[in-house]
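In what follows, a single structure is set out as structure tokens and then discussed.
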Amino acid sequence: MACSCGNAEENQEKYFAPLKKVLENYDKKAKDLIPVLQETQEEYGYLPQEVLEEIAKSLRVPFSQVYGVVTFYSQFHLEPRGENIIRICMGTACHVRGADKVLDTMKEELGIDDGETTEDLKFTLESVACIGACGLAPVIMVNDNTHGLLTPETTVEVLDQYRG
Amino acid sequence: MDQSIYRSHILICGGTGCVSSGCKEVRSSLEEELAERDLVNEIKVIETGCHGFCEKGPLMIVYPEGVFYCKVQPEDMEEVVEEHILKGKVVERLLYTDPTTGENIPSYQEIDFYKKQQRTALINCGYIDPEEIKEYIATGGYEAIGKALTEMTPQEVIDEVKESGLRGRGGGGFPTGLKWQFASDAEGDKKYVICNADEGDPGAFMDRSILEGDPHVLIEGMILAAYAVGADEGYVYVRAEYPLAIKRLRVALEQAEENGLLGENLFGTDFSFKLRIKEGAGAFVCGEETALMASIEGERGMPRPRPPFPAEKGLWGKPTNINNVETYANVPAIIKEGAEAYKQVGTEGSTGTKVFALTGKINNTGLAEVPMGITMREIIYDIGGGINEGKEFKAVQIGGPSGGCLPEDKLDLTIDYDSLLEVGAMMGSGGLVVMDEDTCMVDVARFFLDFTQSESCGKCTPCRIGTKQMLDILERITVGEGQEGDIELLERLAENIKSTSLCGLGQTAPNPVLSTLRYFRDEYEAHIYEQTCPAGACEELLGAYVIDGEACVGCTVCTEACPVDAIAGEAKEEHLIDEDACIACGACVDKCPVDAITQ
Ligand SMILES: Cc1cc2nc3c(=O)[nH]c(=O)nc-3n(C[C@H](O)[C@H](O)[C@H](O)COP(=O)(O)O)c2cc1C
Ligand code: SF4
Ligand code: SF4
Ligand code: FES
Ligand code: FES
């Protein structure tokens, strides 16, 4: 995070402040890596490289291990993400009840592909394996809210609720 | 519970399913209506966990009558309060309608979906407020741990569980008592118990339901296990995709601590137990027990070779007992009522009940807890109400990505751990996905392989490369490029992967292919040798659409619907589809008002 405005140090401090706060709650051991990453991602919305380097230093684990963990779990993201995260279930129950139509509708409406984020950073689209609401298949989750029994039409209605 | 002072209780389901269909708004509206009529002190509103019938949600049950209302909306509450609560008249239009007879059924015990169920693990789900420990205690909760700590030795607890015949509900069906014995016998100054609440099997959601609807039963089961094996610390590993479950479990843990049920010197004994939540980070393979422990330790969730088994060397190298949510949820009942009573239900080799998640092309989707030994037909037709939209049954997939697909002639099989293995499927977590005539079995196999292939952790070659090869072949077959010898190649690869993979993911990944090859080989052959998909599901294999000239009324709607302008014709005249241009997308079919378009 180099910058040329003259108060690089102060900016730096501000940038890492949320991370420092997260780290305060842990005894800085390798076992805390995953929860630290989870909380840090909550703060920053994703996991920027500089932040990962700081985490590696604080927990005293090699950067390669941090990177290995981050890329192993689908929950962690190295790129900025949308304000709203749309997860489309592609699990078995949803698959046999038309999940691909829901996914296609979303792709078309948002103009992005699975795994991408809209340019205005409003939406990120992700397909997932099962969100445990299979009785309502096909199901999607927008942020922490579950929406079920979807058709292409109701999918658009749900999306509109978040378009604001 | 201060039940006596209320003349009526209204239970509103507050599980994930019903929250998504709007139960929060229903509850506020109900509370407003009650307040307006000064009924707040007479009628108690309780938000419960999942009733298992989420598709019909939001659900509501009015006691003492036990009247079951479904798909209730906020605007219905005025009528419910006016008519039902004040005048004692049931609101007919909100009752459940039987899909076969068309009759309205007022009492939930009379609904087919619930009639054949027998609840042990889900006994409180949907009936108590999961955020109120007093309600769990009022149903006899935490009696089992009181009994164990004051009247039983740890070995007696283990013996009782052994005697009950309980087998692990997380997939493998390993005898729980024996597992506890191993952990108890293992040498170690420190031991752990873990609950596997990763529930990664697509199509299964019973563990979520227990966590959301009755978290204390899990906590009690874990305390019992800890006491039995001599552990003083435990973890519940919950997938992050279950925010409501995590929240309810957190509340339950706090309340259990406040009530002296977790912590130091429980019930005045020298037994202490601390329990924590660990959130998963999204990797299916972390449901595998050794990968799960690696994940708790902060590493990539990759399986480790077994032996050593977790009972000897588990979390941080210490003896560890790991069980599934539903397994633990059965334990309090065993200790409280005794192994003898528990064994009365189920079959000799598989005692007790099992919760199945019924989904797919079926009338009643939801969670059903039934005695082991029930037949598939009873579950699908009696409880599930049969296939929806009047279609024909084709197969039922059981056991998720490790399981298999069973055809019609296996419907009368009695279900238990062993009978399923014999026919090439497995219990898995109990997900049952019903498929109808429109489902292509090759596509189903491809779907599961795609899943396991992308979830393979990559540690061992047969699983990483082998599943990819199988997937490539299946993909070829579904687009009409299958070749002579593909079936045999699939079978060879499958056997190889099964016998040489390190963990259960790889070892079971070929099962969906093998079981569909076993029962639906003709469908594979049709794809390969005739380039046709008998179910009409594989788009690349479908022919062009044609318009029946006699039926067509020339409304022109289809010309607009067609994305590639393959349809021509003047208004009021017969239309024609250009076979070569048609991409068989089916867009026109849905639009035609007179159903003149077919394939
Ligand atoms: C790839 C894979 C995924 C698994 N996922 C789960 C799961 O989500 N939940 C679960 O309880 N067991 C799962 N298991 C089984 C566990 O490894 C383990 O056997 C189980 O938690 C033991 O509990 P039980 O004896 O109570 O069944 C999985 C196994 C494999 C190989
Ligand atoms: S079988 Fe597959 S998932 Fe299991 S350890 Fe090997 S590569 Fe990983
Ligand atoms: S929509 Fe049907 S009726 Fe209308 S022109 Fe097309 S084929 Fe004919
Ligand atoms: S399969 Fe879609 S929610 Fe479970
Ligand atoms: S969430 Fe209400 S019935 Fe399942």
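The values are calculated or read from the model by the stated rules, or taken from the named source; none is laboratory data. Treat the numbers as computed from the prediction; the structure is a model and nothing was measured. Every residue, glycine among them, receives a Cβ derived from its backbone with ideal geometry; neighbour counts consider all protein chains shown. Accessible surface is based on the protein model in full, side chains and every heavy atom, while ligands, DNA and RNA are left aside. Shrake-Rupley method; radii C 1.70, N 1.55, O 1.52, S 1.80 Å.
Quick look at the numbers
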| read-out | value |
| --- | --- |
| Residue in segment B:24-32 that is open to solvent by 10 Å² or more (accessible area, probe 1.4 Å) and within 14 Å of chain A (Cβ to nearest Cβ) present | yes |
| Residue in segment B:287-302 that is open to solvent by 10 Å² or more (accessible area, probe 1.4 Å) and in contact with a Cys (Cβ under 6 Å, 6 or more places away or on another chain) present | yes |
| Any hit, segment B:282-304, residues being out of contact with any Gly (no Cβ under 7 Å at 6 or more places or on another chain) and within 16 Å of ligand 4 (Cβ to nearest atom) | yes |
| Filter pass, residue B:142 being at pLDDT below 95, surrounded by 17 or more Cβ atoms within 10 Å (Cβ to Cβ) and either of a type in the set (Ser, Thr, Tyr) or within 16 Å of ligand 5 (Cβ to nearest atom) (or both) | no |
| Residue that is open to solvent by 30 Å² or more (accessible area, probe 1.4 Å), touching an Asp or Glu at 6+ places or on another chain (Cβ under 8 Å) and away from chain B (no Cβ under 12 Å), where the choices are A:125, A:103, A:121 | A:121 |
| Qualifying positions in segment B:320-336 - outside any helix (DSSP H, G or I) and within 16 Å of the chain's Cα centre (by Cα) | B:324 |
| Residue A:98, sole failed condition from (1) crowded, with 16+ Cβ neighbours inside 10 Å; (2) farther than 24 Å from residue B:283 by Cβ; (3) more than 10 Å from chain B (Cβ to nearest Cβ) | (1) |
| Residue check, residue B:487 in contact (Cβ under 8 Å) with a residue 24 or more places away in the chain, part of a helix (DSSP H, G or I) and closer than 30 Å to residue B:294 by Cα | no |
| Count of segment A:42-59 residues which are within 12 Å of another protein chain (Cβ to nearest Cβ) and open to solvent by 50 Å² or more (accessible area, probe 1.4 Å) | 1 |
| Considering residues of segment B:51-66 that are open to solvent by 10 Å² or more (accessible area, probe 1.4 Å) and more than 14 Å from every other protein chain (Cβ to nearest Cβ) only, the residue nearest to ligand 3 (Cβ to nearest atom) | B:65 |
| Any hit, segment B:523-536, residues being on the phi > 0 side of the Ramachandran plot and either more than 16 Å from ligand 3 (Cβ to nearest atom) or not assigned by TED's automatic domain parsing to the domain that holds residue B:290 (or both) | yes |
| Helices (runs of 4 or more DSSP H) wholly inside segment B:490-585 containing at least 1 residues that are farther than 30 Å from residue B:285 by Cα, open to solvent by 40 Å² or more (accessible area, probe 1.4 Å) and touching a helix residue (DSSP H, G or I) at 6+ places or on another chain (Cβ under 9 Å) | B:521-530, B:557-561 |
| Filtered residues of segment B:267-286 (kept if away from every other protein chain (no Cβ under 11 Å) and either crowded, with 20+ Cβ neighbours inside 10 Å or touching a Cys at 6+ places or on another chain (Cβ under 8 Å) (or both)) | B:273, B:275 |
